[in-house]
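J.: Before we start, here is the structure in question, set down as structure tokens.
The values are calculated or read from the model by the stated rules, or taken from the named source; none is laboratory data. As the structure is a computational prediction, the values presented were derived from the model and not from experiment. Note that we place each Cβ from the backbone using ideal geometry, even for glycine, and neighbour counts take in every protein chain shown. With ligands, DNA and RNA removed, areas are computed over all heavy atoms of the protein, side chains included. Shrake-Rupley method; radii C 1.70, N 1.55, O 1.52, S 1.80 Å.
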Amino acid sequence: MSLSSANAEDKVKVGLMLPYTGTYAALGTAITNGFRQYVNEHGGKLAGREVTYFVVDDESDPAKATENANRLVKRDEVDVLVGTVHSGVALAMAKVARDNKTLTIIPNAGADELTGQLCAPNVFRTSFSNWQPAFAMGKVMAARGHKKVVTLTWKYAAGEQYVRGFKEAFEKEGGQVISELYLPFPGVEFQPFLTQISSLGADAVYVFFAGSGAAKFVKDYEAAGLKANLPLYGTGFLTDGTLEAMGGAGEGLLTTLHYADGLENPVDKAFRAGYVSAHKVQPDVYAVQGYDAAQLLAAGLAGSPSGKFDKEAVMKAMSAAKIESPRGSFNLSAANNPVQDIYLRRAEGKQNTIVEIAVPKLADPARGCRMN
């Protein structure tokens with residue numbers, strides 16, 4: 001074997017399919033930053049292998065998802081596909097991954113199907129299922145004595161699943177969702193919905209929004225005079241990476257997520273210090289998920305024979321890995337989804353400070369998953 005071919009085998013080709021423009025641009029950038037940080041912390045390598053990146057802006061556009069995924073899988077022949085944020089894009093991407101048996105790591109999109117009825121041995125997730133933070137918030141709001149809740153979100157796969165997961169827990173605990181309101185993604189004309197919410201007789205409101213849309217919603221909610229009398233709750237994406245843009249309107253909001261500010265673990269402290277040094281801003285949950293995508297891939301590569309990319313060996317090692325994450329340690333379920341603590345957080349200044357563990361080691365039910 002020539003030296004050049006040996007070096008080629010010692011490399012791993014990573015395809016990053018993430019949004020770098022549009023509503024979720026900041027999320028895609030944070031995931032990329034987190035992934036690269038882990039690689040850089042290990043001398044530009046994963047398990048001793050040099051990393052070559054291939055990058056595609058998926059624009060959060062499901063119509064372009066199949067073409068974008070095929071570009072990385074077939075043209076660039078990546079060893080692993082890392083993506084994405086938007087659930088609709090992720091579903092199309094995962095179909096390409098399953099059809100081509102390409103190793104795939106999902107660093108954000110929470111579509112329940114990805115580790116549910118569409119699960120596959122080569123598809124892994126380092127973030128969450130939509131069900132997890134939503135279910136946890138249902139338990140939290142019921143425990144806080146709320147009885148009648150209005151929900152509001154975008155009308156797309158993620159939004160609908162965040163409502164279903166919330167309702168499952170909230171109604172199980174005796175609560176009632178009196179109205180489910182939806183607007184088209186990524187619309188931000190909230191005023192008609194705020195007027196409607198104020199007249200429905202709810203004692204609290206539960207929402208799912210993320211990115212710039214989340215910032216605008218919370219500002220509009222406060223401006224409409226609702227915040228003081230009608231408590232607002234959401235999953236953590238409402239306030240993660242958006243508090244500064246809210247200009248104080250988000251102060252005091254309670255959210256549930258698998259990451260929080262103020263976690264007392266050494267991995268998180270080192271991760272945050274490294275991120276701030278590199279980017280001059282505090283990391284958010286998206287950066288953590290990118291970091292852990294690289295960490296999971298490294299764990300897989302460590303289980304593959306040196307000089308080879310043995311996909312079966314990599315997948316087996318990834319499935320068995322215990323990840324020491326900035327969020328706290330987690331392992332993967334049989335459906336390759338994190339089994340993890342879900343935290344209750346309070347927005348304070350620019351931080352989502354931990355209040356408590358809302359639900360410890362919560363495993364997604366992975367409904368319909370049949371690994372083949």
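J.: Using the Cα gyration tensor of the range 248-372, with a ≥ b ≥ c the square roots of its eigenvalues, what is the shape: rounded (a/c below 1.5), prolate (a/b larger than b/c) or oblate (neither)? Mind dumping the intermediate values first?
T.: On the way: a/c = 2.83, a/b = 1.53, b/c = 1.85.
It comes out oblate by the Cα gyration axes.
J.: Would you please put 78-87, 348-357 in order of how densely packed they are, using the mean number of other Cβ atoms within 10 angstrom per residue and starting with the highest? Please list the in-between numbers first.
T.: Numbers: 78-87: 27.6, 348-357: 15.7.
The most tightly packed comes first, giving 78-87, 348-357.
J.: What accessible area per residue, rounded to a whole number of Å², is obtained for the range 195-308 using a probe radius of 1.4 Å? Intermediate values should be presented prior to the final figure.
T.: Numbers: 3990 Å² over 114 residues.
Heavy-atom accessible area per residue stands at 35 Å².
J.: Something else about it: Would you mind getting me the FRET efficiency between Ile178 and Asn229? Use the beta-carbon distance for r and R0 = 22 Å, nearest 0.05. Intermediate results must be reported in sequence, preceding the final value.
T.: Working: r = 17 Å, r/R0 = 0.76.
Taking R0 as 22 Å, the efficiency between Ile178 and Asn229 is 0.85.
J.: Note down the magnitude of the dipole of the chain about its Cα centre, charges +1 on Lys and Arg C-beta and -1 on Asp and Glu C-beta and zero elsewhere, to the nearest 20 debye. Don't skip to the end; give the middle numbers.
T.: Numbers: 38 positive and 39 negative charges, 93 e Å.
Result for the chain is approximately 440 debye, rounded to the nearest 20.
J.: Take the alpha carbon gyration tensor of the range 298-346, find the square roots of its eigenvalues, order them as a ≥ b ≥ c, and report rounded if a/c is under 1.5; if not, report prolate when a/b exceeds b/c, else oblate.
T.: Details: a/c = 4.34, a/b = 2.41, b/c = 1.80.
Here the range 298-346 falls in the prolate category.
J.: With the crude spin-label approximation of a point 7 Å out along Cα→Cβ, what separation in nm comes out for Lys308 versus Lys95?
T.: With each label placed 7 Å out from Cα toward Cβ, I get 3.4 nm.
J.: In addition: How much FRET efficiency would the formula 1/(1 + (r/R0)^6) give for Lys269 and Lys45, where r is the Cβ-Cβ distance and R0 is 25 Å, rounded to 0.05?
T.: Details: r = 24 Å, r/R0 = 0.94.
For Lys269 and Lys45, the calculated efficiency is 0.60.
J.: How large is the charge dipole for the range 1-95, taken about the Cα centre, if only the Cβ atoms of Lys, Arg (+1) and Asp, Glu (-1) carry charge, to the nearest 20 debye?
T.: Values: 10 positive and 12 negative charges, 19 e Å.
For the range 1-95, the charge dipole is close to 100 debye.
J.: What is the angle, in °, between the Cα long axis of helix 157-172 and the longest principal axis of the Cα atoms in the chain? Nearest 10 is fine, range 0 to 90.
T.: Result, in degrees: 60.
J.: Starting from the range 180-282, pick out the trypsin sites (Lys or Arg not before Pro) whose DSSP state is loop and whose Cβ has at most 11 other Cβ atoms within 10 Å. The partial results should precede the final answer.
T.: Numbers: sites: Lys216, Lys219, Lys227, Lys269, Arg272, Lys280; in loops: Lys227, Lys280.
The qualifying sites are Lys280.
J.: For the chain, take the longest principal axis of its alpha carbons; what is the angle in degrees between that and the long axis of helix 211-223, to the nearest 10 within 0 to 90?
T.: Around 10 degrees separate the two axes.
J.: Hey, another quick one. Going by average Cβ neighbours within 10 Å, how do the peptides 136-143, 206-213 rank, with the highest at the top?
T.: Working: 136-143: 23.1, 206-213: 25.2.
Those peptides, ordered most packed to least, come out 206-213, 136-143.
J.: If you average the sequence gap of Cα pairs under 8 Å that are 6 or more apart and divide by the length of the range 195-287, what percent do you get for the contact order? If you can, show how the numbers build up before the last one.
T.: On the way: 90 pairs, mean separation 24.3, N = 93.
Computed value for the range 195-287: 26 percent relative contact order.
J.: For the pairs Lys216/Lys350; Lys219/Lys350; Lys322/Lys361; Lys101/Lys361; Lys269/Lys316; Lys269/Lys350, flag any whose C-alpha to C-alpha distance is greater than 19 Å. Present the calculation step by step, with values, prior to reporting the outcome.
T.: Values: Lys216/Lys350 16 Å; Lys219/Lys350 15 Å; Lys322/Lys361 13 Å; Lys101/Lys361 30 Å; Lys269/Lys316 30 Å; Lys269/Lys350 17 Å.
Cα-Cα > 19 Å for Lys101/Lys361; Lys269/Lys316; rest within.
J.: Once you keep just the Cα pairs under 8 angstrom separated by 6 or more residues, what percentage relative contact order results for the chain? Could you put the intermediate results ahead of the total?
T.: Working: 807 pairs, mean separation 71.1, N = 372.
For the chain, the relative contact order is 19 percent.
J.: Could you tell me how many degrees, from 0 to 90 and to the nearest 10, lie between the Cα long axis of helix 131-143 and the main elongation axis, the longest principal axis, of the Cα atoms of the chain?
T.: The angle comes out near 30 degrees.
J.: Could you tell me what % of all Cα pairs in the range 36-130 have separations over 20 Å? Display every interim value, and only then the final one.
T.: Details: 1573 of 4465 pairs.
Result: 35 percent of Cα pairs exceed 20 Å.
J.: Tabulate in residue order the Karplus-calculated ³J(HN,Hα) for the range 16-31, using 6.51 cos²θ - 1.76 cosθ + 1.60 with θ = phi - 60°, rounded to whole Hz; enter x for Gly and Pro.
T.: Karplus values, whole Hz, x for Gly and Pro: 9, 10, 9, x, 10, 9, x, 3, 9, 4, 5, 5, x, 5, 5, 4.
J.: Could you pull the accessible area for Asp220 with a 1.4 Å probe, rounded to 10 Å²?
T.: It works out to around 40 Å².
J.: Give the peptides 308-318, 331-341 in descending order of average Cβ contacts within 10 Å, highest first.
T.: Values: 308-318: 17.6, 331-341: 21.6.
Ranked from most to least packed, the peptides come out as 331-341, 308-318.
J.: With runs of 4+ DSSP H residues as the only contributors, calculate the mean residue ellipticity of the chain at 222 nm using -39,500 (n - 2.57) per run, divided by the residue total and rounded to the nearest 500. Don't skip to the answer; put the middle values down first.
T.: Details: 12 runs with 139 residues, N = 372.
Calculated at 222 nm, the ellipticity per residue is -11500 deg cm²/dmol.
J.: Give the calculated FRET efficiency between Lys148 and Val55 to the nearest 0.05, with a Förster radius of 41 Å applied to their Cβ-Cβ distance.
T.: Details: r = 47 Å, r/R0 = 1.14.
After rounding, the FRET efficiency stands at 0.30.
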